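Worksheet: the structure to be examined is printed underneath.
Nothing in this text is a laboratory measurement; each read-out follows from the coordinates by a stated rule. These figures come from a predicted structure and were not determined experimentally. FYI the Cβ positions are ideal-geometry reconstructions off the backbone, even for glycines, and counts take in every protein chain you see.
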Amino acid sequence: MRKRIAAGNWKMNGTSAALAEISALAQAHPGPRVDIVICPPATLLARASMTAEATSILLGGQDCHAEASGAHTGDISAEMLSDAGASHVILGHSERRENHDEASEDVRAKARTAQAAGLVTIICVGESLAQREADNTLDIIEAQLALSVPDTCTTDNLVIAYEPIWAIGTGRIPALDQIIEVHDFIRLDLTTRFGAELAGATPLLYGGSVKPDNAAMIFEAENVDGALVGGASLKEADFTPIIKALEASF
Ligand code: PGA
């Protein structure tokens, strides 16, 4: 059976004090039935990995460079993330695509490098509000998948996160049937490209305004295997009910 994942994307939030949230999460979930992956800012990763040592909490980066090393001031390589304790990395988040002009081809190059470094790549896709209103959602997702997901994927290094841009940080979420439609489409797309075994093993996450009070509804969708959570992952007290809703959903 494929993994269920509750991933927390802390974005540019958190200094030393936030490490206490990781300890609290570890205490609240001593034997989770799902993978709990916290993606803190890079500055906290090494200390977070010490805090998470001997617990069930996994760690991820929020981005990495497409090249393995070299003259790239300010950037972080996949190997550095791994060395600092990360097992996962988020790639192609819409904030990176928008604020840093990342094209799907860039995301694919990063994913290839990250997978070669042994990281599980959480590749994000999602449409804008204008694209949804123009009824282009599935075309956009199809193109993003085709160009962002590298050929180097295996049954254990790929996670896809569907994050409608208009749902991120807005408190708005799609209707359940819209979530089902896109996740079913992604599973089918992966099946066509990679075959049933890889597609069946790949966790598909929903992201965008996942909160304690809507998580159970979102996890009703058969092809939703977890969530990528921003704001509600910053505090253990908010993230725990989402993790519990995921555990209760299968
Ligand atoms: P949000 O962010 O949960 O705060 O909407 C989700 C994300 O951007 O991954």
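The table for this structure:
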| quantity | calculated |
| --- | --- |
| Prolate/oblate/rounded call for the chain, Cα gyration tensor, a/c under 1.5 rounded | rounded |
| Taking K211, K110 and counting other C-beta atoms within 10 Å, the order from fewest to most | K211, K110 |
| Ranked V120, V149, criterion: other C-beta atoms within 10 Å, fewest first | V120, V149 |
| Sorted by Cβ neighbour density within 10 Å, fewest at the top, the residues D184, D189, D177 | D177, D184, D189 |
| Highest average packing first - 57-67, 151-161, Cβ atoms within 10 Å | 57-67, 151-161 |
